[in-house]
1. When the residues of segment 44-101 are filtered to those that are small (Gly, Ala, Ser) and more than 24 Å from the chain's Cα centre (by Cα), which remaining residue is surrounded by the fewest Cβ atoms within 10 Å (Cβ to Cβ)?
2. Inside segment 1-21, can you point out the residues that are in a loop (DSSP other than H, G, I, E, B), among the charged types (D, E, K, R) and without any contact (Cβ under 8 Å) to a residue 24 or more places away in the chain?
3. Take residue 138 and decide whether it is closer than 30 Å to residue 367 by Cα and crowded, with 16+ Cβ neighbours inside 10 Å.
4. Any residue at all in segment 191-199 that is among the β-branched types (Val, Ile, Thr), over 25 Å from residue 312 (Cα atoms) and outside any loop (DSSP other than H, G, I, E, B)?
5. Taking the condition touching a strand residue (DSSP E or B) at 6+ places or on another chain (Cβ under 9 Å), part of a loop (DSSP other than H, G, I, E, B) and aromatic (Phe, Trp, Tyr), does residue 209 pass?
6. Which numbered condition in (1) more than 11 Å from ligand 1 (Cβ to nearest atom); (2) among the aliphatic types (A, V, I, L, M); (3) not in a helix (DSSP H, G or I) is the only one that residue 93 fails?
7. On the basis of being outside any helix (DSSP H, G or I), of a type in the set (A, V, I, L, M) and either within 16 Å of ligand 2 (Cβ to nearest atom) or not assigned by TED's automatic domain parsing to the domain that holds residue 186 (or both), does residue 399 make the cut?
8. Within the bounds of segment 156-174, is there any residue that is assigned by TED's automatic domain parsing to the domain that holds residue 119, of a type outside the set (Phe, Trp, Tyr), within 16 Å of ligand 1 (Cβ to nearest atom) and part of a helix (DSSP H, G or I)?
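The values are calculated or read from the model by the stated rules, or taken from the named source; none is laboratory data. Note that the structure is predicted; figures quoted are calculated from it, not measured. FYI the Cβ positions are ideal-geometry reconstructions off the backbone, even for glycines, and counts take in every protein chain you see.
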Amino acid sequence: MSSPTYREDRQPHPRERRMIFRNVDRTDYDPSIDCYLRDGGYELLKKALGMEPKDITEEVKKSGLRGRGGAGFPTGVKWGFIPPNNTKPVYLICNADESEPGTFKDRYIIHQDPHQLLEGIAISSFAVGAKVAFIYIREEFPEGAEILERAIAEAEEKGFLGKDIQGSGFDLEVVVHRGAGAYICGEETGLIESLEGKRPYPRIKPPYFPAALGLYMCPTIVNNVESLCHVKHVLAMGAEEYAKLGTPRNTGTRILCVSGDVVKPGYFEVEVGKVTMGEVIHDLCGGLKPGRKLKAVIPGGSSAKVLSADERFKIKRGDDPVEIGIEDIPMDFDTMAACGSMAGSGGVIIMDDSRDMAWVLNNINEFYAHESCGQCTPCREGSLWMKKISARIVKGDGAPEDVDTLLSVADQIEGKTICAFGEACSWPTQSFVKKFGDEIKARTSGENASRPVNKETELAAAGLAR
Ligand SMILES: Cc1cc2nc3c(=O)[nH]c(=O)nc-3n(C[C@H](O)[C@H](O)[C@H](O)COP(=O)(O)O)c2cc1C
Ligand code: SF4
């Protein structure tokens with residue numbers, strides 16, 4: 001395997017551990033199968049085809065790999081949920097919807113290293129017994145869809161996909177399916193409905209857990225692009241070695257997508273939990289903009305609860321309880337949950353003290369009101385109410401009691417809907433009101449009401465922004 005050279009302006013940061021993104025931004029690499037094969041591509045598929053499928057699932061379980069699409073659910077455990085006496089076809093779906101605001105990683109894998117994804121899909125399909133796999137890609141990624149279609153044709157031609165792969169007797173057809181571009185199509189059961197040609201109305205769980213009752217009511221494994229890419233590396237390293245990357249229960253690497261008020265936003269592949277929030281901001285991203293102070297961070301895509309720079313968080317280090325500030329939070333699933341938020345899809349949004357939190361919340365509320373599928377009343381009506389209330393606060397037309405109403409609406413959505421979109425749209429409001437309620441209230445009365453705090457707010461007040 002050649003040692004990679006990277007674009008001058010896209011050198012990986014020394015703190016990075018590039019595994020999934022090893023081939024992203026290389027000057028000596030392109031998405032063709034020849035390039036992938038030159039770098040040792042599809043060798044792990046050959047290895048997998050010589051293994052028992054259940055042993056691959058066992059390796060993935062032992063590796064501790066957790067899904068990178070949002071919930072952080074253990075991948076091997078999910079695969080194990082396929083009913084043991086199943087006689088129906090099994091499907092594998094690669095979730096390439098990448099719809100969570102703040103997240104921009106899957107598209108780079110698809111554009112620059114599609115065969116890594118296809119190899120991951122082929123190994124995973126073999127492990128779970130799927131003969132047909134779908135890549136559900138959002139309409140906004142037309143180039144990605146074409147790249148994948150080309151890569152599938154190349155892999156079929158070389159015998160890595162299609163009939164009797166490498167003489168093993170295993171058949172796999174991979175189909176690229178383009179969605180029409182809706183956030184809810186990223187939710188696995190909405191995605192499945194959409195793939196069946198229907199409106200993407202999420203299904204209620206239970207009973208419709210995809211591993212038991214998924215596509216066409218058959219067992220279906222839905223995994224994120226990044227999760228599926230990890231499978232090949234688990235086999236390459238062996239579960240035990242893989243599990244040494246990262247931290248216990250939070251193994252491997254993950255790609256953080258950092259946006260917002262930092263000098264150098266971008267993507268960074270790091271060992272899970274081995275860097276802190278402060279290191280992400282100051283080390284990986286070159287710090288905050290000159291003269292600014294950290295105000296808040298949304299750590300896992302826009303639906304994750306906001307963390308305030310003034311908060312103290314009670315976590316455990318080993319068995320010992322400790323109290324830490326925002327910059328000391330290790331970037332892993334469990335610590336982020338202990339801090340009252342989530343690592344989610346890895347989209348880290350940094351906000352400095354120039355940000356008007358009423359504007360930020362309204363921006364998020366606009367997104368969720370637009371994207372609710374409308375199937376359940378609390379989400380359909382509530383997301384719209386939250387948007388209307390936060391919009392009038394931003395315009396300077398709000399009343400102080402609006403802030404309490406906002407919270408009450410959010411509280412009546414959470415836990416009362418068919419899918420987790422209910423939480424995704426209520427958590428921002430709940431956390432912004434809890435942590436920045438005074439600031440938002442100050443925008444509803446007195447001289448602050450009509451005094452926008454930053455440029456975006458000025459534009460919104462003048463009706464020039466969305
Ligand atoms: C509203 C909503 C949107 C979601 N969007 C995505 C998405 O764009 N991509 C994704 O991989 N998972 C998304 N998910 C999570 C999926 O439902 C599912 O859990 C995930 O694809 C499973 O893959 P993983 O176990 O590999 O993480 C979303 C979930 C919700 C509730
Ligand atoms: S919670 Fe919202 S997005 Fe999910 S099913 Fe209900 S209305 Fe649709």
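1. Per the stated criteria, the residue is 50.
2. 7
3. Spelling it out, residue 138 is indeed closer than 30 Å to residue 367 by Cα and crowded, with 16+ Cβ neighbours inside 10 Å.
4. Within segment 191-199, one or more residues are among the β-branched types (Val, Ile, Thr), over 25 Å from residue 312 (Cα atoms) and outside any loop (DSSP other than H, G, I, E, B).
5. no
6. Checking residue 93 against (1) more than 11 Å from ligand 1 (Cβ to nearest atom); (2) among the aliphatic types (A, V, I, L, M); (3) not in a helix (DSSP H, G or I), the one that fails is (1).
7. So residue 399 fits the description; yes.
8. no
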